[in-house]
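Okay, structure first, notes after.
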Amino acid sequence: MPPEIENLGRAPFAAVLGDPVAHSRTPAEQRPYFGRRGWPVFAIAITESDVQSCDPLPALTELGLRAAAVTAPRKHDSRRWLTEAGGGFVSGAAGDPADVCNTLGRTAEGRWLGTSTDGVG
């Protein structure tokens, strides 16, 4: 069971982050879970130029982001975002890649945690 994620100010939301994301089924697949908590789920495109100009995690956090699925090619970037935000990475299973992160969640204490659910392949 994931840790409780608390509303820390702004109305919380979940998202899929990456580029491209318009085709992603993730928002529709996650909408029932987050909908029970009253959270909308958005697809947010984060381009290479976005990543070059700033770290998007603080800005999205300020807007209310509390959980995210991360698609390629941003999976490598999100691992760095975690480090820069003082967050932690939790390895899901032996053999999971440690340099990518496809799942982000913010704890009630405000700390970002991430993992990779992709497995070895």
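The values are calculated or read from the model by the stated rules, or taken from the named source; none is laboratory data. The structure displayed is predicted, hence computed values, not measured ones. Glycine gets a Cβ as well: all are built from the backbone with ideal geometry, and neighbour counts include every protein chain shown. All accessible areas refer to the heavy atoms of the entire protein, side chains included, with ligands and DNA or RNA removed. Shrake-Rupley method; radii C 1.70, N 1.55, O 1.52, S 1.80 Å.
Modelled with pLDDT of 90 or more, β-branched (Val, Ile, Thr) and over 22 Å from GLU29 (Cβ atoms), is that true of THR83? Considered against the rule, which asks whether it is modelled with pLDDT of 90 or more, β-branched (Val, Ile, Thr) and over 22 Å from GLU29 (Cβ atoms), THR83 comes out as no. Cβ separations smaller than 7 Å between residues 6+ apart or across chains give the following pairs from the stretch 57-85 residues that are within 15 Å of ARG10 (Cβ to Cβ) to residues that are open to solvent by less than 10 Å² (accessible area, probe 1.4 Å) and part of a helix (DSSP H, G or I): LEU57/TRP81.
Looking only at residues of the stretch 36-53 that are more than 21 Å from HIS23 (Cβ to Cβ) and among the small types (Gly, Ala, Ser), we find that the one that is modelled with the lowest pLDDT is SER53. Looking at LEU17, LEU63 in this structure, which one is under 17 Å from THR117 (Cα atoms) and at pLDDT 90 or above? Of LEU17, LEU63, the one residue that is under 17 Å from THR117 (Cα atoms) and at pLDDT 90 or above is LEU17. Considering (1) under 20 Å from ALA11 (Cβ atoms); (2) in contact (Cβ under 8 Å) with a residue 24 or more places away in the chain; (3) open to solvent by 80 Å² or more (accessible area, probe 1.4 Å), the lone condition that TYR33 does not fulfil carries the number (2). Of all the criteria given as (1) in a helix (DSSP H, G or I); (2) open to solvent by less than 60 Å² (accessible area, probe 1.4 Å); (3) modelled with pLDDT under 90, the one not satisfied by ASP77 is (3).
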